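The values are calculated or read from the model by the stated rules, or taken from the named source; none is laboratory data. Being a predicted model, the structure only gives us computed values, none of them experimental. Cβ sites come from the backbone with ideal geometry, for glycine too, and all protein chains shown count toward neighbours. For the accessible areas, the whole protein counts, side chains as well, though only heavy atoms, and no ligand, DNA or RNA atoms are used. Shrake-Rupley method; radii C 1.70, N 1.55, O 1.52, S 1.80 Å.
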Amino acid sequence: MAKITYIEADGTEHVVDIATGKTVMEGARDHNIAGILAECGGACACATCHAYIHHEWFDKLSPANPVEEDMLEFAVDTDPSRSRLTCQITVTDMLDGLIVQLPES
């Protein structure tokens with residue numbers, strides 16, 4: 001279990017517990033957090049779960065794989081220093097405290 005903070009584009013914060021093994025995208029979806037559409041359901045095929053990972057956490061994540069890197073090219077307003085697809089980030093206990101900024105949709 002990890003406590004993850006999702007910050008909507010308008011600054012609204014949601015601090016929620018996400019079970020280990022779920023993805024950051026699934027955590028947002030399961031808690032009805034606006035800003036992550038996840039149209040492909042987590043198959044890394046749409047980039048609608050794009051989010052910005054807080055700088056403090058970005059380097060602690062496993063690197064994006066080539067498929068995710070390709071899909072990030074379809075996301076809007078990406079920032080190479082902190083953009084990720086949340087469907088590709090699996091929650092572990094090590095991610096307790098992760099901060100995710102959601103882009104404007």
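Would you be able to say whether some residue in region 1-18 is in contact with a Lys or Arg (Cβ under 6 Å, 6 or more places away or on another chain) and either open to solvent by less than 30 Å² (accessible area, probe 1.4 Å) or among the polar types (S, T, N, Q) (or both)? No - not one qualifying residue is present in region 1-18. Filtering region 77-97 for residues that are at positive phi, hydrophobic (A, V, I, L, M, F, W, C) and out of contact with any Ser or Thr (no Cβ under 8 Å at 6 or more places or on another chain) leaves an empty set. Taken as a whole, region 64-71 holds no residue that is surrounded by 13 or more Cβ atoms within 10 Å (Cβ to Cβ), of a type in the set (Gly, Ala, Ser), closer than 20 Å to Thr12 by Cβ and out of contact with any Gly (no Cβ under 7 Å at 6 or more places or on another chain). Looking at region 73-96, is at least one residue among the polar types (S, T, N, Q) and free of Cβ contacts under 8 Å to residues at least 24 places away in the same chain? Taking every residue of region 73-96 in turn, none turns out to be among the polar types (S, T, N, Q) and free of Cβ contacts under 8 Å to residues at least 24 places away in the same chain. If you filter region 20-30 down to residues that are touching an Asp or Glu at 6+ places or on another chain (Cβ under 9 Å) and of a type outside the set (Val, Ile, Thr), you find that the one that is most open to solvent (accessible area, probe 1.4 Å) is Lys22.
Under the condition of being open to solvent by less than 10 Å² (accessible area, probe 1.4 Å) and part of a loop (DSSP other than H, G, I, E, B), the residues counted in region 90-100 number 2.
Condition check ((1) at pLDDT below 95; (2) over 24 Å from Asp96 (Cβ atoms); (3) among the hydroxyl-bearing types (Ser, Thr, Tyr); (4) out of contact with any helix residue (DSSP H, G or I) (no Cβ under 9 Å at 6 or more places or on another chain)) across all residues:
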residue	(1), (2), (3), (4)
Ile18	no, no, no, no
Gly21	no, no, no, yes
His54	no, no, no, yes
Trp57	no, no, no, no
Ser83	no, no, yes, no
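Summed over region 32-53, the residues that are open to solvent by less than 80 Å² (accessible area, probe 1.4 Å) and without any contact (Cβ under 8 Å) to a residue 60 or more places away in the chain give a count of 15.
Does region 15-61 hold any residues that are out of contact with any Leu (no Cβ under 8 Å at 6 or more places or on another chain), small (Gly, Ala, Ser) and more than 13 Å from Ile4 (Cα to Cα), and which are they? Matches in region 15-61: Gly21, Ala38, Gly41, Gly42, Ala43, Ala45.
Selection within region 72-89: residues that are of a type in the set (D, E, K, R) and open to solvent by 20 Å² or more (accessible area, probe 1.4 Å). The member of this set that is farthest from Ala9 (Cα to Cα) is Glu73.
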